[in-house]
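Okay, so here's the structure we're looking at.
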Amino acid sequence: MQQPVDGNAAAGLLAQFFGRDMTAAQGVCAQCGMNGPLGEATVYGPAPGTVLRCPNCDNVLMTLVEAPGRMMAAMPGLSMLETSVQGGR
């Protein structure tokens, strides 16, 4: 089994999918309720995809899979994802 790394290792993929840096985005684990930045998630990957897990309970927060010309994401373990907005209100 591959050794996990912290969520910052997924920074490039997250930015590619969301169009901006998401390592500081706050996610809430749907299983244990932990609230923290995606940069603190535990990351496994990259093949066949990248998996972000809750650092507290190991719940799968998000998966990112790259294919030729596209990228897919699933966020089954996030009950909320919050990020700041440019020019915020």
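The values are calculated or read from the model by the stated rules, or taken from the named source; none is laboratory data. Quantities reported herein were computed from a predicted structural model and do not represent experimental measurements. Neighbour counts are summed over all protein chains in view; Cβ atoms, including those assigned to glycine, are modelled from backbone coordinates with ideal geometry. Accessible surface is based on the protein model in full, side chains and every heavy atom, while ligands, DNA and RNA are left aside. Shrake-Rupley method; radii C 1.70, N 1.55, O 1.52, S 1.80 Å.
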TODO: Note the listed values (i) 30.5, 98; (ii) 12.6, 45; (iii) 12.8, 39, then indicate which one is Rg and Dmax of the Cα atoms in Å calculated from this particular structure.
DONE: (ii)
TODO: Skip the ligands, DNA and RNA, and give the accessible area per residue of the chain with a 1.4 Å probe, whole Å².
DONE: 60 Å²
TODO: Take every Cα pair under 8 Å in the chain that's 6+ residues apart, average their separations, divide by the length, and report that relative contact order as a whole percent.
DONE: 26 percent
Task: In range of the label at Ser84: residues from segment 20-41 whose backbone nitrogen is under 19 Å from the point 7 Å along Cα→Cβ - done: 20-28, 36-40
- [ ] Tally up the carbon and sulfur contribution to the accessible surface of the chain as a whole percent, 1.4 Å probe, everything protein left in place.
- [x] 52 percent
Open item on the list: Taking the Cα of Met34, stepping 7 Å toward and past its beta carbon, and measuring to each backbone N in segment 57-89: which are under 12 Å?
Closed with: 57-61
